[in-house]
1. Can you tell me which of (1) crowded, with 19+ Cβ neighbours inside 10 Å; (2) basic (Lys, Arg); (3) at pLDDT below 90 is the one Arg442 doesn't meet?
2. When the range 293-312 is examined, which residues are found to be among the β-branched types (Val, Ile, Thr) and crowded, with 24+ Cβ neighbours inside 10 Å?
3. Which one of these is surrounded by fewer than 22 Cβ atoms within 10 Å (Cβ to Cβ) and either touching a Leu at 6+ places or on another chain (Cβ under 8 Å) or over 28 Å from Met142 (Cα atoms) (or both): Ser278, Ser273?
4. Please verify whether Arg364 is basic (Lys, Arg), in a loop (DSSP other than H, G, I, E, B) and free of Cβ contacts under 8 Å to residues at least 40 places away in the same chain, treating the condition exactly as stated.
5. Give me the pairs: first residue in the range 507-520 and free of Cβ contacts under 8 Å to residues at least 24 places away in the same chain and in the same structural domain as Phe578 (by TED's automatic domain parsing), second residue surrounded by fewer than 17 Cβ atoms within 10 Å (Cβ to Cβ) and among the hydrophobic types (A, V, I, L, M, F, W, C), beta-carbon distance under 8 Å, and six or more apart or on different chains, which are they?
6. Out of all the residues in the range 75-102, which are touching a Pro at 6+ places or on another chain (Cβ under 7 Å) and more than 27 Å from Asn303 (Cβ to Cβ)?
7. Looking at the range 139-239, what helices (runs of 4 or more DSSP H) fall wholly within it and have at least 1 residues that are closer than 21 Å to Asp90 by Cβ, assigned by TED's automatic domain parsing to the domain that holds Ala367 and touching a Cys at 6+ places or on another chain (Cβ under 9 Å)?
8. Condition check: under 24 Å from the mean Cα position of the chain (by Cα), touching a residue at least 40 places away in the same chain (Cβ under 8 Å) and closer than 30 Å to Leu377 by Cα. Does Ala244 satisfy that?
Amino acid sequence: MSAMSRSAPPLRLEHPDLRLSRREWLWLWLTAATLVVSSYLTQPDMFATIDWVRIHIFYKEYLATALHQGRLPLWNPHIALGRPFLADHDAALFYPPHLLYLILPVPVACVLLVVAHVALAIYGTLKLAGALALKRPVGWAMGVVFVCSAPIVGSFHSGLVHYGAVLCYLPITFYLVLRLSAERSRAAVGKLGLVFGLQLLAGHPQGAWLVVLGAGVFLLGRRLERPLLPSLAAAALELGAMAAALVAGFLLASVSMLPLAELAQQSTRREASIAFSSSFAMPWFAWATFLVPTDARFTFLANAQLYAGAVPLLAGLAGLLLIRKRETRALALVVILAALIAAGDSTPAFAVLYHVLPGLASLRIPARASVLVAFGLMVGAGIFFSSHLRGWRPASLIALLATLSLAAMVLFFLKLGVVGSPAWGRVLVVALAALLLLAWLRWGAGSLRLPVVAGLLALLTAADLAVAVWGLKQQNREDPEWLSEAVVARWLQGQAPEAGGAPPRVSVPKPYARENAGMRYGWSSFTGYTSLQLGRVWTYLHAVLHLPVPLVQNAYPDRAIFKHGPFPYDSMSLRMGFDPKALVPVMRLHPDPRVYLASAARPVDNYPQAVALMASGHDFHRVPLVEPGWAVSLPSEPPVPDQPGFARIVHFAPEQIAIEAETEHPALLVIAEAWYPGWRAQVNGAQAPCMPVNAWMRGVQVSAGHSQVLLTFHSRFLALGACISLLALGGLVWLLRRPRVQRKAGRHFPNREEPHGQARP
């Protein structure tokens, strides 16, 4: 390492560890709280947004209720015929800040968490600005612009609270990457590993992947210079250190990532494809969000937009064109790569990136990579405002960028057919921004007029972003209160309860009930709004009704299912349905059994074959379908006369089901609940395999006579992941521990943190 260090020394930072004063900390929290209140709590607020209303409110309530009852919620029987709960990244129990959801009302905890993450984003931006030797006021402006930009506001204000929280780690991650490049110390690796681990635990793997990708490309881009070989050697060394930090982060997050990996293997995302990974890419018109904030007339995915204000756009583009600076070259590389990913398969580059970039094949919605574009522009704007630029070349560059922006905006408005004055007012905003930037260049050397120009730039940007945020707030709305769900719950309470307390299963579509509403009201459903649907259930729900199995939109089942009548399936004991013609709910007096016995079983090659047989009319109640690898000593045809016996649920809990069975012959006990690895069975106290039958159900073989069957669910990787996470935490504590030499000679140790503008006594 010594020879490599001599040939390519660490890249020193101007202010490696610029600390905030007490006054700055106070301003930091006041700024974060003010921005959150004004952006997310004024009407329309963030608690009436799609993903909050349909996913997170139910997940947070279910998690808090279960833990208050003294139960670790490993399984969720209320949605999608049953699925793991803690393995779902939307649960995110092991992210330390989420403990607030357990001790405070869910909305209050959410607001405090958003404030904390916005403060983290501004803090990270200040640290990054200091490391890049940018002016302190510029660092504050960068932080405010970043948290008010479309990617951040669009994420929180579409209900993607986990995704928005992960994106707030972007500035601090870039700063820690700079520290890693400058120090190459174990402490730098430990800090970066801790931040990577927290991002993975926060509950949105795609957001964490984007942050890691951007930081890695930034680290590589700073080393691309002459002489090339020493620079590449240094880049390899630093990327290796970053990889070590990433491994440490994965190990720290093992308690969450290992169960999630198992869920992904059982989900609809088991097999990757370019078509899936490029779904929801940026169409041509979405690139206009560079220049035009969205509103009711012009909408796109709220969490995949680019707008950060006209001034940051022009200044950012100008800053990124200062290619003599290594940071701008690195940022330009990040922006270009992110734009290629966001464009999806509309460019040939995506097919190459699909095979080259680890993890890209497992993700979708590449348009979200646009956050790296907006972030790169924001940092580029900070570099522009902190550089001493004079003369005709910078002015010509600003004029050229403004002209191109105005031309692109006019063409977009003409193509969109928008002729209203609010839309054309954007042209005036960009023109005014260009004029103020030209004035900044004219008086940027310290003229008394400079504060006036700076104030006008700040006012224009604040007003510009306020209008943009207001436009985003009007989108992705959802009614937070659904009275029809309470009506359904009361109706079910008036019916005869299910045996053993099992949640009654219903078939109620939107707009009469949200997909995850059973988690609050106690019923079970075959629908569910979640990103990782179980592949067996997903295939069955569509293919058995001869519907195409969706591959791109796989968050909730096709609503065409409900056109097949109030009870589209005869396999899941539906008690209540919704008549699609009369538009009224109806009850089913004699639903198919929730548990039953069969004295024969038919082998199949795989679960798609089982689905095909069930769709063609095979009587799976009489002869269940069993996949290979499970020993079932039953004939392929039932005896004559066929008297399989009787079974009933004695006790039903999410992670445990007790069943009594009585049969004269050996039989297969079938439970119409989703099968998943980790379900175990005991028959009369002895262990027995719990096997997948009928494509998605659970099956247990029982002997002749009376049997007491107990099904329990244990996550196969949770305990292992918890042990690895604890060991990784101990390792990170060791990495972050200051060496004894540093403790003794602290003030002489290089890169020691000092308060900004203060000398150590």
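1. (1)
2. Val311, the sole residue that qualifies.
3. The unique qualifying residue is Ser273.
4. Criteria not met by Arg364.
5. Cβ pairs passing all conditions: none.
6. Selection gives Trp75, Pro77.
7. Where helices (runs of 4 or more DSSP H) fall fully within the range 139-239 and carry at least 1 residues being closer than 21 Å to Asp90 by Cβ, assigned by TED's automatic domain parsing to the domain that holds Ala367 and touching a Cys at 6+ places or on another chain (Cβ under 9 Å), they are 150-156, 161-167.
8. Yes.
The values are calculated or read from the model by the stated rules, or taken from the named source; none is laboratory data. A quick note: this is a predicted structure, and the numbers were derived from the prediction, not measured. So basically every Cβ, Gly included, is an ideal-geometry build from the backbone, and we count neighbours across all protein chains shown.
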